[in-house]
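Shown next, in structure tokens, is the structure this report addresses.
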Amino acid sequence: RVPGYASLHNYSESADCGDELVDLIRDARSRGFRALKMKIAGRSLVEDERYLRRAREAAGSDFLLMADANQCYEMPQATRMGRILEELGFRWFEFDWSLIVLLSLLPLLGCLHLLHATCGSGFSPTATCRTKARPTGPSRN
């Protein structure tokens with residue numbers, strides 16, 4: 001179960017949206033949210049990782065964080081980002097890709113423990129993908 005959550009994006013005109021991200025997370029907490037989903041992959045992996053680390057620091061360990069890659073990663077980037085998200089204790093890593101792309105990413109199901117995937121085509125293998133989801137915590141690998 002996931003409680004109602006705030007939803008953020010990373011599409012900011014700011015060259016560095018780190019401070020904006022921290023302010024938005026703090027605002028969500030102050031409004032009573034216990035969870036937040038943020039868009040990632042609109043910037044480089046290095047920038048995304050830095051924002052994710054700032055997000056975890058601002059949110060605290062008692063606040064659920066989820067990430068939505070929004071159709072932007074290929075397999076190597078998705079795997080790397082998934083490992084970062086696991087390390088930071090994110091609840092899920094969401095995709096919204098076509099069925100063809102999703103099927104090519106099935107190996108992620110075996111190596112990431114927080115994957116949640118859906119397809120823009122209307123087919124949703126959520127039940128299959130959620131079998132790999134687990135509560136926030138360190139990676140089993």
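Identify, from the list A78, A55, the residue that is in contact with a helix residue (DSSP H, G or I) (Cβ under 7 Å, 6 or more places away or on another chain), part of a helix (DSSP H, G or I) and at pLDDT 85 or above. That would be A55, the only listed residue that is in contact with a helix residue (DSSP H, G or I) (Cβ under 7 Å, 6 or more places away or on another chain), part of a helix (DSSP H, G or I) and at pLDDT 85 or above.
State the number of residues belonging to segment 29-45 that are buried (at least 17 other Cβ atoms within 10 Å of the Cβ) and either at positive phi or aliphatic (A, V, I, L, M) (or both). Of the residues in segment 29-45, 5 are buried (at least 17 other Cβ atoms within 10 Å of the Cβ) and either at positive phi or aliphatic (A, V, I, L, M) (or both). Just one of the numbered conditions (1) modelled with pLDDT under 90; (2) open to solvent by 70 Å² or more (accessible area, probe 1.4 Å); (3) not in a helix (DSSP H, G or I) is not true of F93: (2). Being among the aromatic types (F, W, Y), out of contact with any Pro (no Cβ under 8 Å at 6 or more places or on another chain) and either surrounded by fewer than 19 Cβ atoms within 10 Å (Cβ to Cβ) or farther than 25 Å from P107 by Cβ (or both) is a condition met by at least one residue of segment 58-67. Condition test on M81, is it surrounded by 21 or more Cβ atoms within 10 Å (Cβ to Cβ), closer than 17 Å to W92 by Cβ and not polar (S, T, N, Q)? Yes, satisfied.
The values are calculated or read from the model by the stated rules, or taken from the named source; none is laboratory data. Not measured: the values here are computed from a predicted model. Counting neighbours? That spans all protein chains shown, and the Cβs are built from the backbone with ideal geometry, glycine included. Surface areas here come from the heavy atoms of the whole protein model, side chains and all, with no ligands, DNA or RNA. Shrake-Rupley method; radii C 1.70, N 1.55, O 1.52, S 1.80 Å.
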